[in-house]
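Written below as structure tokens is the structure these notes are about.
The values are calculated or read from the model by the stated rules, or taken from the named source; none is laboratory data. On a predicted model such as this, the values are computed, not experimentally measured, just so you know. So basically every Cβ, Gly included, is an ideal-geometry build from the backbone, and we count neighbours across all protein chains shown.
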Amino acid sequence: MRTLIIIPALNEEANITTVIEDIRIHAPDVDLVVVDDGSTDLTVERASEAGAIVLSLPFNLGIGGAVQTGFQYAYQQGYDTAIQIDADGQHAAAEIPKILEPLHECDCDVVIGSRFLETSGYKVPFTRMMGIRVFSFLNSLILRQKVTDNTSGFRAYNRKTIRFLAEFYPWDYPEPEAVVLLSRHGFRIREVPVQMRERQHGESSINAFRAIYYMIKVVLAILIDLLKERERIDKS
């Protein structure tokens with residue numbers, strides 16, 4: 001099974017080397033691609049020096065465009081599985097086997113690493129936690145399957161899912177919307193408990209105001225997707 005790790009990155013020069021080194025230690029047999037989303041710092045140089053394949057976008061497309069670029073590369077290169085990992089150091093490479101195992105058992109198509117299936121010391125700011133709970137309620141209601149961590153950027157995908165997401169992937173703030181999209185197209189989704197860390201260096205681009213904006217925008221996007229799906233069914 002050929003596995004590719006996809007790391008979308010924007011101005012993560014302070015974290016990217018450590019993230020790559022952590023992966024090399026705990027998952028030495030996987031390939032690794034950093035998708036640079038228009039960084040203006042030394043992210044590209046640091047990733048290249050650490051031995052990663054680097055795909056540089058000509059300008060900033062947002063997290064959705066960066067991750068989809070990784071899926072397109074994974075599909076074109078014939079990878080069997082792909083793992084999405086954030087570039088800020090929150091995801092521990094030692095947890096990779098936990099999200100890969102269900103795929104290898106042919107138990108599901110997508111595995112989400114969840115911070116909330118087990119008690120941990122990971123602290124989420126109030127505004128973000130409010131959004132996470134809203135997404136959990138809404139998506140669980142829509143999918144008729146409880147999903148606790150819709151915003152997790154630590155996920156694994158099989159070949160069938162890679163092919164689908166290489167063509168269809170939400171942009172802007174894609175993780176919660178992608179959960180609905182995949183489920184509505186028959187992909188089997190499973191969550192597993194993982195431990196996550198605080199961002200290693202720098203600050204997240206999502207402050208309290210943006211977290212509320214993000215929550216409202218994603219909820220509207222999910223509802224619009226559902227309306228489009230209903231309209232398509234009615235026409236057919």
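Given the residues LYS235, LYS217, LYS228, which is the only one that is modelled with pLDDT under 60 and not hydrophobic (A, V, I, L, M, F, W, C)?
Values: LYS217 fails: modelled with pLDDT under 60; LYS228 fails: modelled with pLDDT under 60.
The match here is LYS235.
Is it the case that some residue within the range 79-91 is surrounded by fewer than 17 Cβ atoms within 10 Å (Cβ to Cβ) and within 14 Å of ILE20 (Cα to Cα)? Walk me through how you get there before you give the answer.
Filtering the range 79-91 down to residues surrounded by fewer than 17 Cβ atoms within 10 Å (Cβ to Cβ) leaves 80.
Keeping just the survivors that are within 14 Å of ILE20 (Cα to Cα) gives none.
Within the range 79-91, none of the residues are surrounded by fewer than 17 Cβ atoms within 10 Å (Cβ to Cβ) and within 14 Å of ILE20 (Cα to Cα).
Out of ARG184, ARG210, I need the residue that is surrounded by fewer than 16 Cβ atoms within 10 Å (Cβ to Cβ) and modelled with pLDDT of 70 or more. Which one? It would help to see each step written out before you state the result.
Numbers: ARG210 fails: modelled with pLDDT of 70 or more.
None of the others qualify; the one that does is ARG184.
Can you tell me which residue within the range 46-73, out of those that are among the polar types (S, T, N, Q) and assigned to a helix (DSSP H, G or I), is nearest to GLU12 (Cα to Cα)?
Looking only at the range 46-73, we keep the residues that are among the polar types (S, T, N, Q), and these are 48, 56, 60, 68-69, 72.
Keeping just the survivors that are assigned to a helix (DSSP H, G or I) gives 48, 68-69, 72.
Values: SER48: 13, GLN68: 19, THR69: 18, GLN72: 22 Å.
This residue is SER48.
Of the residues ARG190, ARG163, which is modelled with pLDDT of 85 or more, touching a strand residue (DSSP E or B) at 6+ places or on another chain (Cβ under 6 Å), basic (Lys, Arg) and closer than 15 Å to ILE83 by Cα? Step through it out loud before you land on a result.
Values: ARG163 fails: touching a strand residue (DSSP E or B) at 6+ places or on another chain (Cβ under 6 Å).
Of the residues listed, the single one that is modelled with pLDDT of 85 or more, touching a strand residue (DSSP E or B) at 6+ places or on another chain (Cβ under 6 Å), basic (Lys, Arg) and closer than 15 Å to ILE83 by Cα is ARG190.
Which is among the β-branched types (Val, Ile, Thr) and part of a loop (DSSP other than H, G, I, E, B), of THR40, THR17?
Numbers: THR17 fails: part of a loop (DSSP other than H, G, I, E, B).
Only one candidate passes the filter, namely THR40.
Go over the candidates GLU12, GLU49, GLU21 one by one and state the one that is surrounded by fewer than 17 Cβ atoms within 10 Å (Cβ to Cβ), among the acidic types (Asp, Glu) and over 30 Å from CYS106 (Cα atoms). It would help to see each step written out before you state the result.
Working: GLU12 fails: surrounded by fewer than 17 Cβ atoms within 10 Å (Cβ to Cβ); GLU21 fails: over 30 Å from CYS106 (Cα atoms).
Of GLU12, GLU49, GLU21, the one residue that is surrounded by fewer than 17 Cβ atoms within 10 Å (Cβ to Cβ), among the acidic types (Asp, Glu) and over 30 Å from CYS106 (Cα atoms) is GLU49.
Would the range 75-87 turn up any residue that is touching a Ser or Thr at 6+ places or on another chain (Cβ under 6 Å) and assigned to a strand (DSSP E or B)?
Taking the range 75-87 as the starting set, the residues that turn out to be touching a Ser or Thr at 6+ places or on another chain (Cβ under 6 Å) are 81.
Checking which are assigned to a strand (DSSP E or B) leaves us with 81.
Yes: the range 75-87 contains one or more residues that are touching a Ser or Thr at 6+ places or on another chain (Cβ under 6 Å) and assigned to a strand (DSSP E or B).
Of everything in the range 88-106 that's of a type outside the set (A, V, I, L, M, F, W, C) and assigned to a helix (DSSP H, G or I), which residue is farthest from the chain's Cα centre (by Cα)? Spell out how you get there, then give the answer.
The initial filter retains those residues of the range 88-106 that are of a type outside the set (A, V, I, L, M, F, W, C), namely 88-91, 95, 97-98, 101-102, 104-105.
Filter again for assigned to a helix (DSSP H, G or I), leaving 95, 97-98, 101-102, 104.
Details: GLU95: 15, PRO97: 16, LYS98: 15, GLU101: 17, PRO102: 17, HIS104: 19 Å.
Within the range 88-106, the match that is farthest from the chain's Cα centre (by Cα) is HIS104.
Quick check: is even one residue across the range 55-72 farther than 27 Å from VAL110 by Cα and either at pLDDT 95 or above or aromatic (Phe, Trp, Tyr) (or both)?
Yes, some residue in the range 55-72 is farther than 27 Å from VAL110 by Cα and either at pLDDT 95 or above or aromatic (Phe, Trp, Tyr) (or both).
Which one is nearest to ILE53 (Cα to Cα), of the residues in the range 65-84 that are touching a helix residue (DSSP H, G or I) at 6+ places or on another chain (Cβ under 7 Å) and hydrophobic (A, V, I, L, M, F, W, C)?
For the range 65-84, the residue satisfying everything is ALA74.
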